[in-house]
Amino acid sequence: EDQVTQSPEALRLQEGESSSLNCSYTVSGLRGLFWYRQDPGKGPEFLFTLYSAGEEKEKERLKATLTKKESFLHITAPKPEDSATYLCAVQVTGFQKLVFGTGTRLLVSP
Amino acid sequence: NAGVTQTPKFRILKIGQSMTLQCTQDMNHNYMYWYRQDPGMGLKLIYYSVGAGITDKGEVPNGYNVSRSTTEDFPLRLELAAPSQTSVYFCASSLGTSDIQETQYFGPGTRLLVL
């Protein structure tokens, strides 16, 4: 069975304190790995897609990386506005459906 | 473009009542999806559609029905609401070229409470 596990469940950082979120996956064949940001009461907002091991993508203070078993979302010098839940999802070869992890709730304090 | 829109934003239902959650997209996407999100759980796929007239079950379809008569609209029907259907429902869409992985774009969600 295809599975996605995110850790930690929750993370509290001080403004400027860099850290990483983890997404590990067990799938029959990876077609793509997606990172989304979700603010309270809102729908998930697309951040990145990673296709193959070794790939990296950046957007402002966020950098996503991918290996054969996991992905990391690195947050450099976070600001309070980075506070949100970050969701990881994988798309399995042969399907357009996504399998989601349960997310990491990030809180950045001033 | 408004993207993916959903109505209503919030609804309270009594056990046994029925309702339709509306979803519309203006991006000319072929694929549309319905998910539910429960606290502490990942988004679970309820139904999806690869084009007008074509729908298929996802991971948790029991208690729901869908139809897709147009490219733009993908309503989700709840018959005989049960407390277990209390959740936040998200509609999503993607372009629908099957050769590549595609980004799904989500609506703002409908919060449903069944009492």
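Read-outs throughout are calculated quantities, based only on the coordinates presented, and are distinct from any laboratory measurement. A quick note: this is a predicted structure, and the numbers were derived from the prediction, not measured. Counting neighbours? That spans all protein chains shown, and the Cβs are built from the backbone with ideal geometry, glycine included.
Could you check how many percent of all C-alpha pairs in the range A:18-74 are farther apart than 18 Å? Could you put the intermediate results ahead of the total?
Working: 524 of 1596 pairs.
Tail of P(r) above 18 Å: 33 percent of Cα pairs.
Express the C-alpha Rg of chain B as a ratio against the empirical globular expectation 2.2 N^0.38 Å, rounded to two decimals. Display every interim value, and only then the final one.
Numbers: Rg = 13.5 Å, N = 115, 2.2 N^0.38 = 13.4 Å.
Here the answer is 1.01, to two decimals.
Averaged over the residues of B:104-111, the number of partner chain Cβ atoms lying within 10 Å of the residue Cβ comes to 4. Going from the fewest other Cβ atoms within 10 Å to the most, the residues A:Leu107, B:Leu76, A:Leu11 appear in the order A:Leu107, A:Leu11, B:Leu76. Principal axis extents of the C-alpha atoms in the protein assembly as shown (largest first, rounded to whole Å): 49, 39, 36.
Ranked by how many other Cβ atoms sit within 10 Å of their own Cβ, fewest first, the residues A:Ile75, B:Ile15 fall in the order B:Ile15, A:Ile75. Qualifying trypsin sites (Lys or Arg not before Pro) in the range A:30-59, where qualification requires a DSSP coil assignment and no more than 16 other C-beta atoms within 10 Å, comprise A:Lys42.
Dipole size of the range A:1-50 about its Cα centre, with +1 on Lys/Arg Cβ and -1 on Asp/Glu Cβ: approximately 120 debye, rounded to the nearest 20. Please identify the longest segment of chain B free of exposed trypsin sites (Lys or Arg not before Pro), where exposed means a DSSP state other than H, G, I, E or B and no more than 15 other Cβ atoms within 10 Å. In chain B, the maximal stretch lacking such sites is B:15-115.
For peptide A:33-39, the mean count of partner chain Cβ atoms within 10 Å of a residue's Cβ comes to 2.
Averaged over the residues of B:43-53, the number of partner chain Cβ atoms lying within 10 Å of the residue Cβ comes to 2.
The range A:17-33 and the range A:59-110 have Cα centres spaced 8 Å apart.
Among A:Trp35, B:Trp34, the ranking by other beta carbons within 10 Å of each residue's beta carbon, starting with the fewest, stands as A:Trp35, B:Trp34.
Under the rule of at least 5 residues apart or a separate chain, name every residue whose amide H is placed under 5 Å from the amide H of A:Phe48. Those qualifying (amide H under 5 Å, at least 5 residues apart or on another chain) are A:Trp35.
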